[in-house]
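To start, the structure under review is shown below, and the notes come after it.
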Amino acid sequence: MAGCCAVLGAFLFEYDTPRIVLIRSRKVGLMNRTVQLLILAYVIGWVFVWEKGYQETDSVVSSVTVKAKGVTMTNTSKLGFRIWDVADYVIPAQEENSVFIMTNMVITMNQTQGFCPEIPGKTTVCETDANCTAGSAGTHSSGVATGRCVSFNGTLKTCEVAAWCPVEDDTEVPKPAFLKAAENFTLLVKNNIWYPKFNFSKRNILPNITTAYLKTCIYDAKTDPFCPIFRLGKIVEYAGHSFQDIATEGGIMGIQIKWNCNLDRAASFCLPRYSFRRLDTRDTAHNVSPGYNFRFAKYYSNPNGAEHRTLIKAYGIRFDIIVFGKAGKFDIIPTMINIGSGLALLGVATVLCDVIVLYCMKKRYYYREKKYKYVEDYEQGLGNQMDQ
Amino acid sequence: MAGCCAVLGAFLFEYDTPRIVLIRSRKVGLMNRTVQLLILAYVIGWVFVWEKGYQETDSVVSSVTVKAKGVTMTNTSKLGFRIWDVADYVIPAQEENSVFIMTNMVITMNQTQGFCPEIPGKTTVCETDANCTAGSAGTHSSGVATGRCVSFNGTLKTCEVAAWCPVEDDTEVPKPAFLKAAENFTLLVKNNIWYPKFNFSKRNILPNITTAYLKTCIYDAKTDPFCPIFRLGKIVEYAGHSFQDIATEGGIMGIQIKWNCNLDRAASFCLPRYSFRRLDTRDTAHNVSPGYNFRFAKYYSNPNGAEHRTLIKAYGIRFDIIVFGKAGKFDIIPTMINIGSGLALLGVATVLCDVIVLYCMKKRYYYREKKYKYVEDYEQGLGNQMDQ
Amino acid sequence: MAGCCAVLGAFLFEYDTPRIVLIRSRKVGLMNRTVQLLILAYVIGWVFVWEKGYQETDSVVSSVTVKAKGVTMTNTSKLGFRIWDVADYVIPAQEENSVFIMTNMVITMNQTQGFCPEIPGKTTVCETDANCTAGSAGTHSSGVATGRCVSFNGTLKTCEVAAWCPVEDDTEVPKPAFLKAAENFTLLVKNNIWYPKFNFSKRNILPNITTAYLKTCIYDAKTDPFCPIFRLGKIVEYAGHSFQDIATEGGIMGIQIKWNCNLDRAASFCLPRYSFRRLDTRDTAHNVSPGYNFRFAKYYSNPNGAEHRTLIKAYGIRFDIIVFGKAGKFDIIPTMINIGSGLALLGVATVLCDVIVLYCMKKRYYYREKKYKYVEDYEQGLGNQMDQ
């Protein structure tokens, strides 16, 4: 018991520190301090100041709502005079993080269930019934083949299909885009972000934005960088594309909102940064499956109870609101990890200088003698200890 | 060759360890041990026990389905007696991570394409045709102006627009909310999560939940914290808001599911935690662009083939299901990084004590002499070595 | 001033390196080198080569579009002969990261607002009006009870409800699935990814994919691993499930696209990896709330202006496209952190060997004497210094 206490006492009241050789040499000394300085500069400058290595980070959790505004009119021989408003061109009416604006369309009206000839194509043109396989439904066909070869128009015969008739003919897409005036439509993007780790939340309608300003402003990278209302034409332009091109064949635009926040500073410095990117980029040389479109139908009932529909192949721009960003706040753990690593790196200076001093310099044997104390294993080497 | 072997042998059979000065001093010793203890306590207690620094972490991948239930009836002079069920008030019928429940609406029935006076407003009231610009379509207008100034009612004249007529009048929003009974509707949230790094998956309908329980339970933070069925009114209440307020002007509610799992423990401890937050928070003092609404239309065909529609400006609550969380499992890499940093930090104790012992204590010269061995550069300083 | 310069000069031209005891012992030397080698192997092999600890990582930002293709026909007594195409079975027509394919349905045609008996069930069967509570609307009821008990069919009486009549009877779900031919439908998934930190973007339609290939290919894990067109049946099969089962009661399938990219290599090595998983997994033993379905309605107007609707309870498969992955690129910060930690770990070798040499070996007192220089506190211990 007493021995134990003695050992504990010895342990507690002991202080061990490495013995150091202090070499007073201009060359080596300067080199050593320079290397230490570089490492210190790296640790402080890069890791702490630039990369904010002393901060705990968190990824953003966000919620988005988008509201389109705008109305336009068209006048075509097929549809006559027609007004298009939000309820007509936003499909579906509501989505979570995106909004689709129809800008072009192939409309097939008054389709009913029945039998009709296919649109002429590589696999659908026929001469006799033998060319058509009853019951087959290829991936690109509009219906199920009946096996009959019927007249498509005066000169051409195609396989007959059971389908919604007449079959859609999408070989010619209107150019310029049917709703080309969509360029002037606007999107109001409301974005609310939250950093769960820091319980910090903010919205992109900043506290200094007034109702009056919100009614008239349009986002502009230079003059109105915080206005959350975007003109479609400008979004596409900022992304470096042509609105009329994208309106014709459709596409996906990304409205990126970056919330990089340093929460060690005031919350008012945490601001959204908008940027725009076309998400379905493609090489012009490599134009496989371009654009964006989908089909939907409006169903009507005839007075006799039968159903007919209007099929619309909608080309348009889907605006995906992509919210990303990181918030950082001082935290002891990453700070300590980085300090730990930095200290360990400081040790590198000593290792590096040691290599130079002990292996490269002329006086290396002299320095080695000072640094090392050689101890041979007991049996073989008692005598050697004399030379220390 | 032989020399090379000798060097290799010397390298292999050598063991170098720093020489240590062991100072037996109560003051310094105690200080040294205390600092070491604090660092050790920090490394073990905070980094390992609290922050689980020995674990590799992974973010959750999740899939969500939501199913609303509930039916209510309304009786108004405009619509008469009417029943509202899921197919009526959930728009669109299906979404990926959210569900929209319509709670209020401005309905404009029997709209057809035509010409009609605008709703009176700052820019639409006119006295003569000169006040109206033909062809203009402002962001907030319902149609394209024809340039004529026509009678809106007996006393007021407004600009005529080509639009879906009659034009929607949304100046008065029903209050209390039209479908205020939505408070009692329920949402069944099915959530399946997956941690790809650990190939661990789980669903929020826990293994001990029976079909019978699922048919009757309602989530309650205290009594039924794992029931995945939520009453709309309770969700809003838990978030600290009034259901009738949010039902009138619409809003976004977040149903947050937190899956923080320590996969070093049994899978049954990995449980979902629900919380609720209003995502479109706003200061009451700063009420810019409040609520949530959008417009959609139901299209009908007349017997003569013409189309008319019912336009609905739907106010309601969008419930976004936000799944987040981190799973941790023991992994050698972060463990080693943290041990490495911890060890490096232990070195700080020595540096700290050295500073005190060698620069602040009365006997500093005595200690310095013990710790350091001064070596002058060869040429200048052979004589100095004697003083070691 | 001069003193200050002298101190600064001394500081700059000084080089301190620890004094080392170099013990020439086969046993200890080998042990020391082995431990060092293991730590070095771990740091280089595991941290750097395997886990690529020298890389900065970034998470993927992605945009997805999905296009379904396929047409089928059904022939039932209720609906007669009918063709189903994309506009019929994809609901809603467009979603952000997922697509729903209806495979089965319970259809209730010609519903109008009115009064009708409930579907018989535990709570709805009645004998007299006293069994029915007027105004009540349970979570699972189809309408609001009127309080009357009326005849459901010849033998059974149920409570009358105000509802869309006739009430939906979903007790019998068609089996096999109504649109079981959906097995042969295809999905074209277009995915564009972006790593913001490295400004690297790529799409899943790889540069070497031609239009001709894209028209005919079908994804196959072995023969066509980069074809972005998936046959529904194969997706379910790859996930280890039966298509006809999932088609009957619905479900959620995940199409996972993994983009793990080492951006230190050429961009052409950054390739998408597809995998498939059923997201609504359930134990067969624990079959609570299986499948996936939702209700939607198509609204029609009668010639007299009244509204009727067709209610569809749609069972089907929702395909969620889940894009995940990490890109890594050499960066100095993580490299330094890992080197720092590695170096600190190398120090562990010395500590470990010291413990063995100084506490476990026979000659420990001899070694201790060589390593340590004991210094007693001045007052008590001047004499002791002699024994150094």
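The values are calculated or read from the model by the stated rules, or taken from the named source; none is laboratory data. Source: prediction; values computed, not measured. All Cβ positions, even for glycine, are placed from backbone atoms using ideal geometry, and neighbour counts span all protein chains on display. Each accessible area value is taken on the protein alone, full model and side chains, heavy atoms only, with ligands, DNA and RNA left out. Shrake-Rupley method; radii C 1.70, N 1.55, O 1.52, S 1.80 Å.
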**OP:** Quick one: count up the residues across segment B:1-26 that are in contact (Cβ under 8 Å) with a residue 12 or more places away in the chain and over 30 Å from residue A:375 (Cβ atoms).
**Re:** 0
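In this structure, does residue A:7 turn out to be touching a helix residue (DSSP H, G or I) at 6+ places or on another chain (Cβ under 8 Å), more than 10 Å from chain B (Cβ to nearest Cβ) and either hydroxyl-bearing (Ser, Thr, Tyr) or open to solvent by 20 Å² or more (accessible area, probe 1.4 Å) (or both)? It would help to see each step written out before you state the result.
Values: touching a helix residue (DSSP H, G or I) at 6+ places or on another chain (Cβ under 8 Å): no; more than 10 Å from chain B (Cβ to nearest Cβ): yes; either hydroxyl-bearing (Ser, Thr, Tyr) or open to solvent by 20 Å² or more (accessible area, probe 1.4 Å) (or both): yes.
No, not satisfied.
Restricting segment B:325-338 to residues that are surrounded by fewer than 20 Cβ atoms within 10 Å (Cβ to Cβ) and of a type in the set (A, V, I, L, M, F, W, C), which is nearest to residue A:347 (Cα to Cα)? Step through it out loud before you land on a result.
Filtering segment B:325-338 for residues surrounded by fewer than 20 Cβ atoms within 10 Å (Cβ to Cβ) gives B:326, B:329-335.
From what's left, of a type in the set (A, V, I, L, M, F, W, C): B:330, B:332-333.
Details: B:330: 29, B:332: 24, B:333: 22 Å.
It comes out as B:333.
When you check residue C:68 against the structure, is it at pLDDT 90 or above, of a type outside the set (Ser, Thr, Tyr), buried (at least 20 other Cβ atoms within 10 Å of the Cβ) and more than 27 Å from the chain's Cα centre (by Cα), yes or no? I'd like the intermediate steps shown before the answer.
Working: at pLDDT 90 or above: yes; of a type outside the set (Ser, Thr, Tyr): yes; buried (at least 20 other Cβ atoms within 10 Å of the Cβ): yes; more than 27 Å from the chain's Cα centre (by Cα): no.
Spelling it out, it is not the case that residue C:68 is at pLDDT 90 or above, of a type outside the set (Ser, Thr, Tyr), buried (at least 20 other Cβ atoms within 10 Å of the Cβ) and more than 27 Å from the chain's Cα centre (by Cα).
When you go through C:246, C:205, C:209 one by one, which is the residue that is modelled with pLDDT of 90 or more and open to solvent by less than 40 Å² (accessible area, probe 1.4 Å)? Don't jump to the end; show me each part of the working.
Values: C:205 fails: modelled with pLDDT of 90 or more; C:209 fails: modelled with pLDDT of 90 or more.
Within the list C:246, C:205, C:209, the selection yields C:246.
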Original post:
Out of curiosity, is residue A:190 at the interface with another protein chain (Cβ under 10 Å from one of its Cβ atoms) and closer than 30 Å to residue B:59 by Cα?
Top reply: yes
**OP:** Please enumerate the residues belonging to segment A:339-376 that are open to solvent by less than 50 Å² (accessible area, probe 1.4 Å), among the acidic types (Asp, Glu) and assigned to a helix (DSSP H, G or I).
**Re:** A:354
Original post:
List pairs: first in segment B:160-171 and more than 10 Å from every other protein chain (Cβ to nearest Cβ) and touching a residue at least 24 places away in the same chain (Cβ under 8 Å), second open to solvent by 50 Å² or more (accessible area, probe 1.4 Å) and assigned to a strand (DSSP E or B), Cβ under 6 Å, 6+ apart or cross-chain?
Top reply: B:160/B:115; B:160/B:148
Original post:
Looking at (1) open to solvent by 50 Å² or more (accessible area, probe 1.4 Å); (2) more than 10 Å from chain C (Cβ to nearest Cβ); (3) in contact (Cβ under 8 Å) with a residue 40 or more places away in the chain, which is the one condition that is false for residue A:31?
Top reply: (2)
Original post:
When you scan segment B:210-323 for helices (runs of 4 or more DSSP H) that lie fully inside it, which ones turn up with 2 or more residues that are facing another protein chain (nearest Cβ under 10 Å)?
Top reply: B:211-216
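Quickly run through segment B:87-134 and pick out the residues that are open to solvent by 50 Å² or more (accessible area, probe 1.4 Å) and small (Gly, Ala, Ser).
B:130, B:134
Considering segment A:47-96 alone, what residues qualify as being under 19 Å from residue B:137 (Cα atoms) and of a type in the set (A, V, I, L, M, F, W, C)? Spell out how you get there, then give the answer.
Filtering segment A:47-96 down to residues under 19 Å from residue B:137 (Cα atoms) leaves A:67-75, A:81-90.
Scanning segment A:47-96 gives A:68, A:71, A:73, A:81, A:83, A:84, A:86, A:87, A:90.
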**OP:** Go through segment A:223-281 and give me each residue that's closer than 30 Å to residue A:55 by Cα and aromatic (Phe, Trp, Tyr).
**Re:** A:226, A:259, A:269, A:274, A:276
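Looking at segment B:36-61, which of the residues that are open to solvent by 40 Å² or more (accessible area, probe 1.4 Å) and either outside any helix (DSSP H, G or I) or among the small types (Gly, Ala, Ser) (or both) is farthest from residue B:105 (Cα to Cα)?
Filtering segment B:36-61 for residues open to solvent by 40 Å² or more (accessible area, probe 1.4 Å) gives B:36-38, B:40-42, B:44, B:46, B:49-52, B:54, B:56-57, B:59.
With either outside any helix (DSSP H, G or I) or among the small types (Gly, Ala, Ser) (or both) added as a condition, the list becomes B:41, B:51-52, B:54, B:56-57, B:59.
Values: B:41: 61, B:51: 49, B:52: 51, B:54: 54, B:56: 50, B:57: 46, B:59: 39 Å.
By that ranking, first place goes to B:41.
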**OP:** For segment A:69-97, enumerate the residues that are touching a residue at least 24 places away in the same chain (Cβ under 8 Å), assigned to a strand (DSSP E or B), more than 9 Å from chain B (Cβ to nearest Cβ) and not hydroxyl-bearing (Ser, Thr, Tyr).
**Re:** A:84
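Looking at the structure I just gave you, is residue C:106 aliphatic (A, V, I, L, M) and either more than 10 Å from chain B (Cβ to nearest Cβ) or within 30 Å of residue C:185 (Cβ to Cβ) (or both)?
On the way: aliphatic (A, V, I, L, M): yes; either more than 10 Å from chain B (Cβ to nearest Cβ) or within 30 Å of residue C:185 (Cβ to Cβ) (or both): yes.
Judged against the criteria, residue C:106 is a match.
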